[in-house]
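The values are calculated or read from the model by the stated rules, or taken from the named source; none is laboratory data. Everything numeric here is computed off the predicted structure, so don't read it as measured data. Please note: Cβ atoms are built from the backbone with ideal geometry, for glycine as well, and neighbour counts cover all protein chains shown.
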Amino acid sequence: MYFKSLIGTLALYSILFVPAAAWASHPLITDDSGTQGKGRTQIEVNGQYDSDKETVSGVSVKSTGGQAATTLSYGITTNVDLVLSLPYVVWSRVKEGVVTISDEKGISDANFEAKWRFFEKDGLSFAVKPGVSFPTGDENKGLGAGKTGYHVFLIGSEEAAPWGFHANLGYIRNGNKADERKDLWHASLAATYDVAEGLKLVGNAGLEQNPDSAADNDPAFFIAGIIYSVNDNFDLDAGIKAGLTSSETDLSLMAGASFRF
């Protein structure tokens, strides 16, 4: 029974903590169609703390963890960006009852993406964002997938000051060694509101197909947060992410900073 519970816990843990693609406008997960502009660079540094509690085979299992990551975006043309995301520190701890059964730390999988804004008119714009994930993390520790994967997202944005609205539809080829579902979909919506000069309130909700084919629900989330622009080239942000289904992480605390030059 303990072995069965341990395997179930580690499978759940890999779902909770393996990072997905690199997202813009942290703390939002839903990307917007904006690009940096030719020759412009953005560096994002962000961190996240996660906490989740489940019952596996009748035993309480608590998972905690987090990550610190850097994302570099560079505008090769006015409407095309190249994006590299490096989750350089990921840590995790799993307790079954009072017993620690997993305690890991290391790097996770890296992502390389391109964003192309192919339409823009009267505040409405669309972009496509394909990407590749590289197995730089240790899959045996639950810190990576173990295989190369790829994804493509369609992004729509509508700017109607003081509001902004964004939608993402995505396909993820989930290359992995954990016998997870290989083909996944993603759908999410986000809104921003300018409450004062340089200050935005943000909200985000989304749903993604569960990589565990035996699961009875898909991970769904809601995020509430703020973005404060110190100046045109420096942003600070913070947010709280709550799981809306049992397969999503219960609670995440998020914070970050963005620098542009």
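For the reader, a short list of remarks on this structure follows.
- Of all residues in segment 233-247, those that are outside any strand (DSSP E or B), of a type outside the set (V, I, T), out of contact with any Lys or Arg (no Cβ under 8 Å at 6 or more places or on another chain) and without any contact (Cβ under 8 Å) to a residue 40 or more places away in the chain total 1.
- One residue stands out in segment 52-66 among those that are in a strand (DSSP E or B) and touching a residue at least 40 places away in the same chain (Cβ under 8 Å): the one that is surrounded by the most Cβ atoms within 10 Å (Cβ to Cβ), namely G65.
- Residue within segment 230-239 that is polar (S, T, N, Q) and farther than 27 Å from S133 by Cβ present: yes
- Some residue of segment 162-172 being under 27 Å from S63 (Cα atoms) and in contact (Cβ under 8 Å) with a residue 60 or more places away in the chain: yes
- Residue match in segment 15-36 (condition: more than 23 Å from G206 (Cβ to Cβ) and either within 23 Å of the chain's Cα centre (by Cα) or at pLDDT 90 or above (or both)): yes
- Among residues of segment 92-105, those that are crowded, with 17+ Cβ neighbours inside 10 Å and free of Cβ contacts under 8 Å to residues at least 40 places away in the same chain, counted: 2
- Here G256 fits the description: over 22 Å from H186 (Cα atoms) and either touching a Gly at 6+ places or on another chain (Cβ under 9 Å) or modelled with pLDDT under 95 (or both).
- Residue tally, condition part of a strand (DSSP E or B), of a type in the set (G, A, S) and over 22 Å from the mean Cα position of the chain (by Cα), over segment 67-115: 1
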